[in-house]
Every structure is written in C-alpha cells, then in structure tokens.
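All remarks here apply to the structure that follows.
The values are calculated or read from the model by the stated rules, or taken from the named source; none is laboratory data. All figures in this text were calculated on a predicted structure; none of them were measured in a lab. All Cβ positions, glycine included, derive from the backbone under ideal geometry; neighbour counts span all protein chains shown.
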Amino acid sequence: MAKRFFRVQHKGWTFEQMQAHNSESGGDIGGEGLAVSMSPGGLDGGSRFGGAWNAMDDDDELVILEGRIVAEIYDGYRIIPTKEVARFTIAEWGRMLNDGSAWDWEAW
C-alpha cells in the first residue's frame with residue numbers, strides 16, 4: 001500500500017489544481033510541489049499543518065493524497081500528488097482526530 005499524505009486547504013480545489021500547485025510556506029518559498037503532512041494530525045513541524053489548520057473554516061477541506069515526495073520541508077513534505085484518496089471537511093476531520101479514527105487513514 002502507498003504512503004498517504006494529509007493536506008488542509010480551502011474548499012473547492014480540483015485534483016488537477018493540486019497537481020499543478022507549488023505551495024508557498026514560510027521559510028520554504030519557491031519550492032516545487034504541494035505542501036502536505038505525513039501525519040493525520042498534521043504535526044510534522046510542531047504546529048498543526050504548518051499553522052494552516054487555524055486559518056481554515058469548518059467547511060474547508062482535509063484532503064488525503066498519495067504522491068511522490070519532492071522535498072522534506074520544515075513542517076512536512078512537498079509532493080507531486082498522484083492520487084486523491086478522500087476529502088473531509090475540517091469539522092469532520094476535527095471530530096475524527098478527537099475520536100482517533102483519523103489514524104485509520106494512514107497507509108504504508
């Protein structure tokens with residue numbers, strides 16, 4: 001089974017937009033790929049999803065992706081997405097983090 005990655009984002013992005021996007025994040029400006037976390041909890045770098053979690057509305061999205069790692073960054077990874085696995089609202093994912101079921105979406 002492929003490794004899964006987790007990304008919070010404003011609702012409405014298509015998979016094709018995610019594949020073409022180069023994230024800008026903190027001290028990592030200008031890199032190739034989409035910024036993601038390897039953890040369902042988004043705590044790769046100390047703040048949940050690089051701080052993006054707190055900028056989201058309840059109806060924004062947590063997207064689970066598979067992809068090719070381009071680089072490790074201070075708060076996660078940059079990937080080129082190859083497959084969309086699932087989407088949840090931030091409210092749904094928050095409940096899943098609280099009850100532990102979010103970790104059921106990890107895969108190696």
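Scanning the range 63-74 for residues that are in contact with a Lys or Arg (Cβ under 7 Å, 6 or more places away or on another chain) and either free of Cβ contacts under 8 Å to residues at least 24 places away in the same chain or buried (at least 16 other Cβ atoms within 10 Å of the Cβ) (or both) returns Val63, Ile64, Leu65, Glu66.
Taken together, the criteria exclude Phe15 from residues that are at pLDDT 90 or above and surrounded by 19 or more Cβ atoms within 10 Å (Cβ to Cβ).
Quick one: which of Glu66, Glu72, Glu24, Glu84 is at pLDDT below 90 and within 19 Å of Lys3 (Cβ to Cβ)? The match here is Glu72. Of everything listed in (1) touching a residue at least 12 places away in the same chain (Cβ under 8 Å); (2) part of a helix (DSSP H, G or I), the single unmet condition for Glu16 is (1). When Arg48, Arg78 are screened for being surrounded by 14 or more Cβ atoms within 10 Å (Cβ to Cβ) and in contact with a Leu (Cβ under 8 Å, 6 or more places away or on another chain), only Arg78 passes.
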